[in-house]
1. In segment 95-112, is there at least one residue being hydroxyl-bearing (Ser, Thr, Tyr), outside any loop (DSSP other than H, G, I, E, B) and farther than 17 Å from Leu52 by Cα?
2. Could you list, in sequence order, all residues of segment 40-79 that are surrounded by fewer than 16 Cβ atoms within 10 Å (Cβ to Cβ) and assigned to a helix (DSSP H, G or I)?
3. Exactly one of (1) touching a Gly at 6+ places or on another chain (Cβ under 9 Å); (2) touching a residue at least 40 places away in the same chain (Cβ under 8 Å); (3) over 14 Å from Ile22 (Cβ atoms) is unmet by Asp72. Its number?
4. Would you check which residues across segment 89-101 are modelled with pLDDT of 95 or more and over 13 Å from the mean Cα position of the chain (by Cα) and list them?
5. Looking only at residues in segment 18-28 that are modelled with pLDDT of 95 or more and not charged (D, E, K, R), which one is surrounded by the most Cβ atoms within 10 Å (Cβ to Cβ)?
6. Can you confirm whether Phe31 is free of Cβ contacts under 8 Å to residues at least 40 places away in the same chain and loosely packed, with under 15 Cβ neighbours inside 10 Å?
7. Against the conditions (1) β-branched (Val, Ile, Thr); (2) surrounded by 16 or more Cβ atoms within 10 Å (Cβ to Cβ); (3) out of contact with any Leu (no Cβ under 8 Å at 6 or more places or on another chain), where does Ile93 fall short? Just the number, please.
Amino acid sequence: MTDMFPSSTYSDNLISITEKDITFRKYYLPFFRKKVVRIDEIEKISVDEPSLMTGKWRLHGTGDFRTWFPMDVRRPTRDRIFIVMLKNGWFRIGFTAEDGRRVEEIFRSRGLIGDV
C-alpha cells in the first residue's frame, strides 16, 4: 500500500522535504501559494555560499528570468543558497532553509547535490 501522506524528512517555515517531494512555501504571487516539486523531477541541486551573484539579496522573485526564489525576508542571513535544476527544463528554483546544513545532508544522502 502506498503512503498517501508521507511524513516530512525536514520542515521549516520556508520548505518541507519528504521522500517524494519538496514543497516551497510562499512561492507564487500575489498570495504566496506553495509550489510542490517531485524529487524525480530534479536533475540536481547546487549548494552555494550566499553572494550577490547567487541570490543573497533576492528576497523573492527573479533577477535573471531563469531562477525563481520563493519569499524569504531573512535570506541575507542564511548560510547556504540552494539552486534546483529541473529535468527537461531551463528553469531553476533558488531557495534557502532555516537549517541549511541539515537540508544539504538530506540532499547529499539522496545523491542530488551537483554543480548547476
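The values are calculated or read from the model by the stated rules, or taken from the named source; none is laboratory data. Note that the structure is predicted; figures quoted are calculated from it, not measured. Heads up, the Cβs are rebuilt from the backbone with ideal geometry, glycines too, and the neighbour counts pull from every protein chain shown.
1. Yes - at least one qualifying residue is present in segment 95-112.
2. Matches in segment 40-79: Asp40, Glu41, Pro76, Thr77.
3. (1)
4. Once the filter is applied, which keeps residues that are modelled with pLDDT of 95 or more and over 13 Å from the mean Cα position of the chain (by Cα), segment 89-101 yields only Arg101.
5. Of everything passing the filter in segment 18-28, Ile22 is surrounded by the most Cβ atoms within 10 Å (Cβ to Cβ).
6. yes
7. In the conditions (1) β-branched (Val, Ile, Thr); (2) surrounded by 16 or more Cβ atoms within 10 Å (Cβ to Cβ); (3) out of contact with any Leu (no Cβ under 8 Å at 6 or more places or on another chain), Ile93 misses (3) alone.
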